[in-house]
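Below: the structure, in structure tokens.
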Amino acid sequence: MLQTSTLEVNSKPELRQLLEELYRGRTLHPYKSGQAIRMSPDEIWVVCRGVVQLGTLYDSGDEALLGLACPSMPFGLPLSVIRPYQAAALTDVDLMRLTLTEVEQSPVLAQGIFRHLTRRLQQTEAVLAMVGYRRVEDRLRHLLLLLKEEIGQPSAAGTRLSIRLTHQQLANAIGTTRVTVTRLLSQLQEEGWLMVDPARHIVIPPHAKAA
């Protein structure tokens, strides 16, 4: 069961209270990093912990990033017209499953889903801007700035990403190799664009901007 003290929500106080009420007593579904998440046409998932990567496949077999579902964000087949629509745990995650019937019968629940779906739509615009860059370095900068907004925590040196992402996870998100991400992260660190704290979390200083 999810304890309310572990709920990761960056939202207004009244919405935090709403979500805690919704989550109370529900069984969470854990997925390990890299694990595919099965979706059904009549179900919506809500992220309680971690980050889920959303994507699709082109006819060529290449993958495309559609977005990142962060804590409290909903995702699922009823919320997209893209097919195939895929979801995989970018980090270890805990998810809550809702049925469409539950959402339709609860105006309060529908309101909560709508608010966080709006966040997802805004994020989708940021992702579209990111994938349009041909240079991998630019895509990485934009991804890190997006994560800063979604899962960043204030720290003495700037904004600390609350989730520790591996180089392979970052590479998967922007469609490149782990070796390339490792090289670029070292380059950005040398430039002072980012730092890595003792716990190996990325810290982005206030002056870091997109290229």
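Observations on the model:
- Charge dipole (the chain, unit charges on Cβ, about Cα centre) - positive-most of GLN169, THR27, ALA88: GLN169
- For the listed peptides 161-173, 195-207, a ranking on the average number of other beta carbons within 10 Å per residue, highest first, reads 161-173, 195-207.
- The mean sequence separation of alpha-carbon pairs under 8 Å and at least six residues apart, normalised by the residue count of the chain, gives a relative contact order of 18 percent.
- Computed Kirkwood radius, in angstrom, where 1/r is averaged over Cα pairs of region 136-204: 11.9 Å
- Of LYS32, LYS148, the sequence from fewest to most neighbouring Cβ atoms within 10 angstrom is LYS32, LYS148.
- Residue by residue, region 190-206 carries 3J(HN,Hα) couplings of 5, 6, x, 6, 8, 9, 10, 7, x, 8, 6, 8, 6, 10, 9, x, x Hz when phi is fed to the Karplus relation 6.51 cos²θ - 1.76 cosθ + 1.60 (θ = phi - 60°); x denotes Gly or Pro.
- Rounded tilt (10° steps) of 13-23 against the dominant C-alpha axis of the chain: 60 degrees
- At R0 = 30 Å, FRET efficiency that the Cβ-Cβ distance of GLU102 and ALA126 yields, to 0.05: 0.50
- Helical runs assigned H by DSSP (4 residues or longer) give the chain a calculated mean residue ellipticity at 222 nm of -12000 deg cm²/dmol, each run adding -39500 (n - 2.57) before division by the residue total.
- For the chain, size of Cβ-based charge dipole, Lys and Arg +1, Asp and Glu -1, in debye: 340 debye
- Label point distance in nm, VAL81-SER40, each placed 7 Å from Cα along Cα→Cβ: 2.6 nm
Every number here is computed from the coordinates shown, using simple stated rules; none is lab data. The shown structure was predicted, so the numbers you read here are calculated from the model rather than taken from an experiment. Reconstructed Cβ throughout: ideal geometry from the backbone, glycine too, with neighbour counts over all protein chains shown.
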